[in-house]
1. Quick one: net charge around GLN65, please, counting Lys, Arg +1 and Asp, Glu -1 for every other residue with C-beta under 12 Å from its C-beta.
2. Within the chain, which complete DSSP H helices have Cα atoms spanning at least 20 Å along the helix axis and a mean Kyte-Doolittle hydropathy of 0.0 or higher?
3. Distance between the C-alpha centers of region 70-88 and region 1-56? Whole Å please.
4. Can you list the trypsin sites (Lys or Arg not before Pro) in region 20-83 that are in a DSSP coil and have 12 or fewer other beta carbons within 10 angstrom?
5. Compute the distance in nm between two label points, each set 7 Å from the Cα along the Cα-to-Cβ direction, one at SER31 and one at LEU128.
6. Count the lysine pairs in the chain whose Cα atoms sit under 25 Å apart, keeping only pairs 8 or more residues apart in sequence or on different chains.
7. Going through region 1-110, which GluC sites (Glu not before Pro) have at most 13 other Cβ atoms within 10 Å and a DSSP loop state?
8. Which chymotrypsin sites (Phe, Trp or Tyr not before Pro) in region 29-134 pass both tests, a DSSP loop state and at most 13 other beta-carbon atoms within 10 Å?
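Nothing in this text is a laboratory measurement; each read-out follows from the coordinates by a stated rule. Being a predicted model, the structure only gives us computed values, none of them experimental. Reconstructed Cβ throughout: ideal geometry from the backbone, glycine too, with neighbour counts over all protein chains shown.
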Amino acid sequence: MLQRIQTLYLAVSAIVTGALPFAFELWTDKSKIGVFFTSSIIYISLFVLSTILAIYSIINFKKRQHQFVLNRLNMIFNFILLGFFVYRSLNLSGETFVSEKGIGMFLPAISIVLLVLANKAIKKDEDLVKSVDRLR
């Protein structure tokens, strides 16, 4: 059942981690050049892994428990990515003339919120199926 709301949340999460990092810069360095996620192999691998997990979770729509676990794993990878960004932003200067933080640093947080909403919808579906099975 691909028409469920969690599929929409997972698709938006895949777009946020797969397409939007190309559009939004993570920060601006001293020479006013925007730094994108392609500057580090760690950022590339975590964004790609998060996108692949979201798409794989959409494909596994029949296995709700497996989908729930994949989303939790995806949240862990996004928290790790967010931790790298927070660490990097604490090492950047806070002056506006030297460096500027970009909106790309918040993409993992947006993805985490979408994954939490997807997990809530999956849990709701699972509870509904269990309640119907009790009635039989």
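1. Values: positive: LYS62, LYS63, ARG64, ARG72, LYS123, LYS130; negative: ASP125, GLU126.
Summing Lys/Arg as +1 and Asp/Glu as -1 gives +4.
2. Values: long enough: 41-59 (27 Å, 2.42); 64-91 (40 Å, 0.43); 107-135 (43 Å, 0.61).
Correct list, ordered by number: 41-59, 64-91, 107-135.
3. For region 70-88 versus region 1-56, the Cα centre distance is 12 Å.
4. On the way: sites: LYS30, LYS32, LYS62, LYS63, ARG64, ARG72; in loops: LYS30, LYS32, LYS62, LYS63.
Sparse-neighbourhood loop trypsin sites (Lys or Arg not before Pro): LYS30, LYS32, LYS62, LYS63.
5. Placing both labels 7 Å along Cα→Cβ, they lie 5.5 nm apart.
6. Taking the Cα cut-off of 25 Å, the pair count is 11.
7. Values: sites: GLU25, GLU95, GLU100; in loops: GLU25, GLU95.
Hits after loop and neighbour filter: GLU95.
8. On the way: sites: PHE36, PHE37, TYR43, PHE47, TYR56, PHE61, PHE68, PHE77, PHE79, PHE84, PHE85, TYR87, PHE97, PHE106; in loops: PHE36, PHE61, PHE97.
Filter output for region 29-134: PHE97.
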